[in-house]
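To keep things clear, I will list the structure first and then write my remarks on it.
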Amino acid sequence: MNKQEFLTKLRKGLSGLPQGDIEERLAFYGEMIDDQIEEGLSEEEAVSAVGGVDEIVRQTVAEIPLAKIAKEKIKSKKRPSAGEIVLLVLGSPIWLSLLIAAFAVILSFYISLWAVIISLWAVFISLAVCPLYSVLTCVISVAGGNTFSGIAILALGIVCAGLSVFAFYGCKSVTKGISVLTKKAVTAIKNHFIKKEEA
């Protein structure tokens, strides 16, 4: 694929994004290809070195804020007719309540996910603090003449210390997974706002 074909395909992939961002990306990748050609690569090799169009489009969509994409999508190219305005106003009790309900469900699901993560981290902190408390309790028990119970409490503290290591890695993995899931969800929402041009 030559430079012009690459830039045409990239423009189609980025359609639906704000025009300024599209032009900025096209200029950036056009310049990058020119730099590769100046370094001695052929045009096709320079285009290959830049990367795939689909990956560039995914990365670009991920970088642009959702609000900016939504604003571009909502920006009307023409003024709505009087009939459309009347239908919007008359239908607002239905579509507005459904929109609010959908937003509330999505928000509550998102808050619930993060509440679970906060709870898991609270368990980790409890397990991590338990060994310190058990050492203190062991010393007090042994000093009070309860050697067996002091040793048993110290053993439980050591078990909690071991569990806290596993809990840390588990909490870290779950937090990372939820963060990736959130990022993918936002990217999917962005992709719904972007109108793809048909080939």
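The values are calculated or read from the model by the stated rules, or taken from the named source; none is laboratory data. Bear in mind the structure is a predicted one, so any value in this text is a computation, not a measurement. When we count neighbours, we look across all protein chains shown, and the Cβ atoms used for this are built from the backbone with ideal geometry, even at glycine.
Below are the figures for this structure:
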| item | result |
| --- | --- |
| Enumeration of residues in region 21-51 that are of a type in the set (Gly, Ala, Ser) and either over 24 Å from the mean Cα position of the chain (by Cα) or modelled with pLDDT of 85 or more (or both) | 27, 30, 40, 42, 46, 48, 49 |
| Unique match (being part of a helix (DSSP H, G or I), modelled with pLDDT of 90 or more and touching a Gly at 6+ places or on another chain (Cβ under 9 Å)) among 163, 120, 98, 156 | 120 |
| Residue in region 104-113 that is farther than 29 Å from residue 159 by Cβ and over 18 Å from the mean Cα position of the chain (by Cα) present | yes |
| Answer residue from region 58-92, given it is at pLDDT 75 or above and in contact with a strand residue (DSSP E or B) (Cβ under 9 Å, 6 or more places away or on another chain) and is surrounded by the most Cβ atoms within 10 Å (Cβ to Cβ) among those | 61 |
| Only one of 132, 107, 113, 136 that is in contact with a helix residue (DSSP H, G or I) (Cβ under 7 Å, 6 or more places away or on another chain) and closer than 30 Å to residue 168 by Cβ | 113 |
| Selection from region 18-65 of residues that are on the phi < 0 side of the Ramachandran plot and part of a loop (DSSP other than H, G, I, E, B) | 18, 39, 41, 42, 52, 64, 65 |
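Residue-by-condition table, conditions (1) free of Cβ contacts under 8 Å to residues at least 12 places away in the same chain; (2) closer than 22 Å to residue 187 by Cβ:
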site: 81; (1), (2): yes, no
site: 97; (1), (2): yes, no
site: 108; (1), (2): yes, yes
site: 153; (1), (2): no, no
